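Okay, so here's the structure we're looking at.
The values are calculated or read from the model by the stated rules, or taken from the named source; none is laboratory data. A quick note: this is a predicted structure, and the numbers were derived from the prediction, not measured. All Cβ positions, glycine included, derive from the backbone under ideal geometry; neighbour counts span all protein chains shown. Surface accessibility is based on the protein's heavy atoms, side chains included, excluding ligands, DNA and RNA. Shrake-Rupley method; radii C 1.70, N 1.55, O 1.52, S 1.80 Å.
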Amino acid sequence: MRRSVFFRFLGVTVLVALCSIATTAWLAAQLTRASIEREQGQELSVDARIYTTLLTHAVDHRDWTSVGPVVAELVRQHPTRRVTLLSKDGVVLADVGGHGPLPTTASAVVDPLSVDPVLVPDAPADRVDPRLGEPYRMLASLVPEDSGRVSEPVAEQELDVRAAPADSYQLVQSFLKCDHVQRTDNDPGDFQRDCAELLEGELLAAARALLALQERTNACLTDRGREAVQLDLDLTPHRGDRWSDDQRTAAEACVSDARHAHLSERVPPPALLYVTVPTGAPVASFDLSPDNWWRVAAAAGGIALAAVVVTALACARIIRPLRDLTTAAHRMSLGGDTEPLVVRGRDEIARLTEAFNTMARARARLEGLRKAAVSDTAHELRTPLSNIRGWLEAAEDGVTERDPELIALLLKEALALQHIVDDLQDLAVADAGGLRLAVAPQPLTTVLDNLRAAHETTADRAAITLTTSAPDDLTAEADPVRLRQVLDNLLANAIRHVPPGGRIDVTAHRDGEEAVIEVADTGTGIAPEDLPHVFDRFWRAEKSRSRRTGGSGLGLAIVRKLVEAHGGTVSATSDPGRGSVFTVRLPAPPDPD
């Protein structure tokens, strides 16, 4: 059975461990992938920084002759990189940071006329670096909004300019004509002033660039057998709505070629960029390929195997104290004693072990009380029986005469035996829950008066003052016979411990829904260490157990059982040397008020 429990526990633990490990492996793979993507992003950021730096150099220079220091500075900022720049025909323009053969494929092509949108996410749609400063691109923003105002003097010089400013071609022609008039100075006066307003800033340069671009575009179209076009201010070819898609595509291609031809004169030729590690190998890229997934799976399997071994060892460590508990419990069930188990740790098993040790101590204490009770009972019965036997043997041997005095002594001892047996019988019935009570409201004034009358002679003989008092309307829910037995035992116990000249006061009062009866004496009192044991069976503060100093030791134990059977409580307080107070609380009928 123990093996079955062990293996079931081990199986559940291993299953939980495997599920935990599988989940952990999956999370680790996801986190690894996220880390790889983050690492790739960092690598791409470095490559993009190198690319944009070289692209800026290409925008600002017409050739690559001075690119060496720029590459050296880039390698200094990124020591793990080798940066190589080659021309299209394989001439080395710069190579810093390492040596060895280069990869077959370049990392990127540095060309301001074809910006890599991967490395420069905000690159324009036409991929031409906007920093090249094409003047005709600024024409639309430089033309005044009220350009119709300056078109009139231009028209007076017989220029074919219409009032509508949207005709960009005519507007550009107006700029150029004004430029010609001003340079030849053949019409001074108001016309020159109006032309001067037209030619402020960069308008003239932009117009000249636009016309140059248009001439290149039309030359391209002529070579392809297409009609010439006019360019609007936004560089789109304008010919009319009757254009076919093929004609429009050819015109747009010629515009692009014209722009590249124009700009290629201002930038260096494209160069191949290689960004590698110092040995020339490509920068490592990370990805969880199927092989890597198998590696993760193998690692997870190794971890699972290790977890199974560790779990088995942990189970053995957990099962060991459980086996110790089982063995100790089995030994206890057979009536044997068990040593306290060693408590290891602070987990649930440790708490269970502590609880078992507490139970074992309580059992040992109860077993000790049981043995003490048997011993005390035997002792209490042995004394009167020994007296009876001794007197009977003396009478039989003729040593003592069989007279009324002997019979009275034998009767007294027999009554003592009967009293002990009755007390034991009451306790046995109370322990079994078999006490039969005839509960009814009892007027405590009458109960205490009868109590004083029954014990007044004994108190007077011992020179003790006995008083009782209770409210006339105070009643308690109690069995009259058992209530009298409780009060008789308490009062008899008080009389035994009050010296001559002392007093005993029995009082009663109401406390909420309870009737409280107090027996207060001026006796010797009870030591604080003895007070918790006053209601134990056969317990006496005087250990000699002499009949002259106490009874059988069952009276107060019977009091507690009888009071608890009524649903009440009994307690004791004491001031050594000044007296004790025993308090009985019993249910009281509801107050009529």
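For a quick check of your reading of the model, give me the residue pairs whose first member lies in the stretch 208-229 and is among the hydroxyl-bearing types (Ser, Thr, Tyr), whose second is assigned to a loop (DSSP other than H, G, I, E, B) and open to solvent by less than 30 Å² (accessible area, probe 1.4 Å), with beta-carbon atoms closer than 8 Å and at least 6 apart or on different chains.
Here the result reads Thr217/Val229, each pair linking the stretch 208-229 to a residue that is assigned to a loop (DSSP other than H, G, I, E, B) and open to solvent by less than 30 Å² (accessible area, probe 1.4 Å).
Among the listed residues Thr311, Thr326, which satisfies the condition of being surrounded by 11 or more Cβ atoms within 10 Å (Cβ to Cβ), polar (S, T, N, Q) and at pLDDT below 75?
That would be Thr311, the only listed residue that is surrounded by 11 or more Cβ atoms within 10 Å (Cβ to Cβ), polar (S, T, N, Q) and at pLDDT below 75.
Go through (1) surrounded by 14 or more Cβ atoms within 10 Å (Cβ to Cβ); (2) at pLDDT below 75 one by one and return the number of the condition Ala428 breaks.
The failed condition is (1).
I need the full set of residues from the stretch 329-340 which are open to solvent by less than 40 Å² (accessible area, probe 1.4 Å), in contact with a helix residue (DSSP H, G or I) (Cβ under 8 Å, 6 or more places away or on another chain) and outside any helix (DSSP H, G or I), in order please.
Thr338
May I ask you to verify whether Pro69 is over 22 Å from Leu132 (Cβ atoms), free of Cβ contacts under 8 Å to residues at least 12 places away in the same chain and open to solvent by 50 Å² or more (accessible area, probe 1.4 Å)?
For Pro69, the condition - over 22 Å from Leu132 (Cβ atoms), free of Cβ contacts under 8 Å to residues at least 12 places away in the same chain and open to solvent by 50 Å² or more (accessible area, probe 1.4 Å) - is met.
Exactly one condition in (1) open to solvent by less than 20 Å² (accessible area, probe 1.4 Å); (2) farther than 11 Å from Thr217 by Cα; (3) at pLDDT below 85 is false for His238; which is it?
The single condition His238 does not satisfy is (1).
Residues in the stretch 487-497: is at least one among the aliphatic types (A, V, I, L, M), under 20 Å from Ser580 (Cα atoms) and within 60 Å of the chain's Cα centre (by Cα)?
Yes, the stretch 487-497 contains at least one residue that is among the aliphatic types (A, V, I, L, M), under 20 Å from Ser580 (Cα atoms) and within 60 Å of the chain's Cα centre (by Cα).
Which residues, counting only those in the stretch 341-371, are in a helix (DSSP H, G or I) and among the hydrophobic types (A, V, I, L, M, F, W, C)?
Within the stretch 341-371, Ile349, Ala350, Leu352, Ala355, Phe356, Met359, Ala360, Ala362, Ala364, Leu366, Leu369 meet the criteria.
Within the bounds of the stretch 277-285, is there any residue that is outside any loop (DSSP other than H, G, I, E, B), open to solvent by less than 50 Å² (accessible area, probe 1.4 Å) and either modelled with pLDDT of 80 or more or among the charged types (D, E, K, R) (or both)?
The answer is no; no qualifying residue exists.
Considering (1) at pLDDT 90 or above; (2) under 56 Å from the mean Cα position of the chain (by Cα); (3) buried (at least 20 other Cβ atoms within 10 Å of the Cβ), say which one Glu514 fails and leave the rest.
(3)
Kindly indicate whether any position in the stretch 93-114 is free of Cβ contacts under 8 Å to residues at least 24 places away in the same chain, open to solvent by less than 50 Å² (accessible area, probe 1.4 Å) and part of a loop (DSSP other than H, G, I, E, B).
Within the stretch 93-114, none of the residues are free of Cβ contacts under 8 Å to residues at least 24 places away in the same chain, open to solvent by less than 50 Å² (accessible area, probe 1.4 Å) and part of a loop (DSSP other than H, G, I, E, B).
Arg461: farther than 15 Å from Val570 by Cβ, modelled with pLDDT of 90 or more and either in contact with a Cys (Cβ under 9 Å, 6 or more places away or on another chain) or not β-branched (Val, Ile, Thr) (or both), yes or no?
Against the criterion (farther than 15 Å from Val570 by Cβ, modelled with pLDDT of 90 or more and either in contact with a Cys (Cβ under 9 Å, 6 or more places away or on another chain) or not β-branched (Val, Ile, Thr) (or both)), Arg461 qualifies.
Which of the residues belonging to the stretch 72-92 are in a strand (DSSP E or B) and open to solvent by 30 Å² or more (accessible area, probe 1.4 Å)?
Passing the criteria: only Val92.
Exactly one condition in (1) under 30 Å from Ala515 (Cα atoms); (2) at pLDDT below 85; (3) not in a loop (DSSP other than H, G, I, E, B) is false for Gly433; which is it?
(3)
Return the residues of the stretch 344-359 that are within 23 Å of Arg317 (Cα to Cα) and either modelled with pLDDT of 80 or more or open to solvent by less than 60 Å² (accessible area, probe 1.4 Å) (or both); say none if nothing qualifies.
Result: Gly345, Ile349, Ala350, Arg351, Leu352, Thr353, Glu354, Ala355, Phe356, Asn357, Thr358.
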